[in-house]
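Have a look at the structure below, then the notes.
The values are calculated or read from the model by the stated rules, or taken from the named source; none is laboratory data. These figures come from a predicted structure and were not determined experimentally. Counting neighbours? That spans all protein chains shown, and the Cβs are built from the backbone with ideal geometry, glycine included. What goes into the accessible areas is simple: the full protein's heavy atoms, side chains included, and nothing from ligands, DNA or RNA. Shrake-Rupley method; radii C 1.70, N 1.55, O 1.52, S 1.80 Å.
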Amino acid sequence: MPTASLWTRASAGLAAPEVTVEVHLSAGLPAFNVVGLPESTVRESRERVRSALLNSHFDWPDYRITVNLAPADLPKGGGRFDLPIALGLLAASGQLPAAALVGREFYGELALDGRIRPGRGLMAAVREATAAKRVCAVPAANASALALLPGSRVVGAEDLLSLCGTIKTQAPSATAATAIEEPAEEQPDLLDVRGQHAARRGLEIAAAGGHHLLMVGPPGAGKTLLASRLPGILPESTEQELLTRWLIADHVGLPLRHGRPFRNPHHSASAVALVGGGAQPAPGEITLAHGGVLFLDELPEFPRHVLDTLRQPLESGEVMVARAKGRHTYPAHFQLVAAMNPCPCGYLGSEDTACRCTPDAISRYQMRVSGPLLDRIDLHLTLERQRAAQILCADDEAESSAAVRQRVAIARERQLARQGCANSALSAEAVLSICELDGATQRWFQGACDQLQISARGIHRCLRVARTLADMAAEPRVSKPALLEAIGYRPTAVNR
Ligand SMILES: [Zn+2]
């Protein structure tokens, strides 16, 4: 009896396990059954495939049709199985030569008129198909983006009929990749920040050493303005980093970008929205911020249990989302930038506006942010409200993001050459051996730590930041001025 078999791929997080589609036509009452753990979207494919076939001037085989999606224990959802099922039917009923399916993979949802609709998460499939040295037939709307993958050969098709015409040839012409267009407003420049020299310095240190950053200051101090400039001064991504970010963007249906991401979730975001999860496991904001910046404005307004979910991904750089429908690990290596007011009204310590908060209200406000989260933030920056003169006058010392990024890249190179990671990723033991101080500096630093009652964690934080300052100044050893500046970035009484 006529059978056909061809390859496609399911979606499991950022992986795309191979699925073999087997179609078998047998005598008996006409029927159409899909077996192999199909979800309802796949079971419904029967209606789409039937209409698409008829509207593309093919015949619907009047047999008992069995479609098997193997392996049987892998859950399969979405419309991407429509196209391979339709092609399997055509091959099994002799309307398409079986040779057209060899060495190729097919993904795509069919419209009733035979068009192939664009889909999400196809980049993971194309990546793994490319590793298996296969050609991929994909929806035309996805083709040029998928062709960006190194080594990939993708054939884009508008509809079922034209795809069948294309794959009958031995070597169908591959779709060319198109360059990514980057809207200028998505990469704001440091030139727009006037004054704020201390804050700009803090931002450059954060970028150079990969340190998490907390900004404390009154409303209107420019916290969001500064934070949004951080992605633009981080070092260039490697090809591997870029590829991972594209996989994530494609998985959730965001446009592909060269620039590093800047994610800015509102404080009403749920834990699932932040770290990922849901009935159909999906990545959260921290995965969308992978390789870039996660900005949490109004940090104390985030519920504490939501912030606590960040602690494990901050350690490991990835997050595991486990649900009944599957368990996926998503990358989540991001730089955290948090901002908060010094008190509920925002004007504690301000010269021109009096703070009206009670001491009780202030301590309650500051206690809302958990200590273990603050412990992971190396740089604590206190911002002042900008004066009119700073805002109105042109700033001669302002530098562009490109100029700062060059310095940052050199400082980061030094770290990677020395220890293979950014200074922020140094463990407590590693930081002590890498930041070895000379005798006099060590005695002075010990005295300063005792006097200021800096904790063990605080000492490690100071040393990591001081090491970054030394790398920025091309100094082989951590010096006293670097330590002195680093002590200035430790948490103050306002933020513990
Ligand atoms: Zn206040």
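Take each of the peptides 199-207, 23-31, average the number of other beta-carbon atoms within 10 Å over its residues, and list them starting from the highest.
On the way: 199-207: 23.7, 23-31: 13.1.
The peptides rank, most packed first, as 199-207, 23-31.
With labels modelled as points extended 7 Å from the Cα through the Cβ direction, what inter-label distance (nm, one decimal) is found for A474 paired with E236?
It works out to 2.0 nm between the two label points.
Using a probe radius of 1.4 Å on heavy atoms only, what accessible surface per residue do you get for the chain? Whole Å² is fine. Don't skip to the end; give the middle numbers.
Numbers: 22420 Å² over 496 residues.
Value for the chain: 45 Å² per residue.
Apply the Karplus curve 6.51 cos²θ - 1.76 cosθ + 1.60, θ = phi - 60°, to the phi angles in the range 157-173 and return the couplings in whole Hz, x for Gly and Pro.
So the Karplus estimates, Gly and Pro as x, are 9, 6, 8, 4, 5, 5, 5, 4, x, 5, 7, 5, 7, 5, 10, x, 6 Hz.
How many times 2.2 N^0.38 Å is the alpha carbon radius of gyration of the chain?
1.21
Looking at the range 29-129, I'd like the Rg to Rh ratio, where Rg is from alpha-carbon atoms and Rh is Kirkwood's inverse mean 1/r. Each step should come with its number before you reach the end.
Values: Rg = 13.2 Å, Rh = 14.1 Å.
Computed over Cα atoms, the ratio is 0.94.
Would you calculate the volume per residue, in Å³, of the smallest convex hull containing every Cα atom of the range 141-279? Kindly include the intermediate steps, with their values, before the conclusion.
Details: hull volume 23.3 nm³, N = 139.
So the per-residue hull volume is 167 Å³.
Modelled label-to-label distance, I434 and N264, 7 Å Cα→beta-carbon offset: nm?
Taking the simple label geometry, I434 and N264 are separated by 3.2 nm.
In the range 1-92, what percent of the accessible surface is made up of carbon and sulfur (1.4 Å probe, ligands and nucleic acids excluded)?
51
Using label points projected 7 Å from each Cα along Cα→Cβ, tell me how many nm separate E44 and S370, to one decimal.
Spacing of the two 7 Å Cα→Cβ label points: 3.9 nm.
Convert each backbone phi in the range 18-29 into a coupling constant with the Karplus relation 6.51 cos²θ - 1.76 cosθ + 1.60 (shift: θ = phi - 60°), then list the ³J(HN,Hα) values in order as whole Hz, x for Gly and Pro.
Coupling constants for the range 18-29: 5, 10, 9, 9, 10, 10, 10, 9, 9, 5, x, 5 Hz.
Explain nothing, just compute: Karplus ³J(HN,Hα) = 6.51 cos²θ - 1.76 cosθ + 1.60, θ = phi - 60°, for every residue of the range 275-286 in order, whole Hz, x for Gly and Pro.
9, x, x, x, 4, 9, x, 10, x, x, 4, 5
Just the number, please: percent antiparallel of the DSSP beta bridges in the range 90-171, rounded to the nearest 5.
30
Along the Cα-to-Cβ line of S455, 7 Å from the Cα, sits a label point; which residues in the range 316-336 have backbone N less than 13 Å from it?
Counting backbone N atoms under 13 Å from the label point, the list is empty.
Under a 5 Å amide H to amide H cut-off, with H placed in plane at 1.01 Å, what residues pair with V293 once short-range neighbours are removed?
The answer is F262, R263, Q335.
Please list, ordered by chain and number, the residues whose modelled amide H lies under 5 Å from the amide H of V319; skip anything fewer than 5 residues away on the same chain.
Placed amide hydrogens put Y330, A332 under 5 Å from V319.
Give me, ordered by chain and number, the residues 5 or more places off E158 or on other chains with an amide H under 5 Å from its own placed amide H.
A140
Take the Cα atoms of the range 402-485, find their three principal axes, and give me the spread along each one in whole Å, biggest first.
So the extents along the principal axes, rounded to whole Å, are 40, 23, 20.
On full extension of the chain, what length is gained from Q95 through L243, given 0.36 nm per residue of separation minus the C-alpha to C-alpha distance?
Extra length from Q95 to L243 when fully extended: 49.4 nm.
So if each residue of separation counts as 0.36 nm, and I subtract the Cα-Cα distance between D113 and H57, what length gain in nm does that give?
Result for the pair: 19.1 nm of gain on full extension.
Hey, how many Å between the Cα centroid of the range 3-18 and the Cα centroid of the range 264-291?
If we compute the Cα centre of each part, the gap is 26 Å.
How about the range 145-197: which GluC sites (Glu not before Pro) there lie in a loop by DSSP and see at most 10 other Cβ atoms within 10 Å?
E181
Only residues of the range 120-149 count here: report those whose backbone N is under 14 Å from the spot 7 Å along Cα→Cβ of A176, or say none.
Counting only backbone N, you get 144-145, 147-148.
Once every DSSP H run of n ≥ 4 in the chain is given -39500 (n - 2.57) and the sum is divided by its residues, what mean residue ellipticity at 222 nm do you get, rounded to the nearest 500 deg cm²/dmol?
Rounded to the nearest 500, the figure is -11000 deg cm²/dmol.
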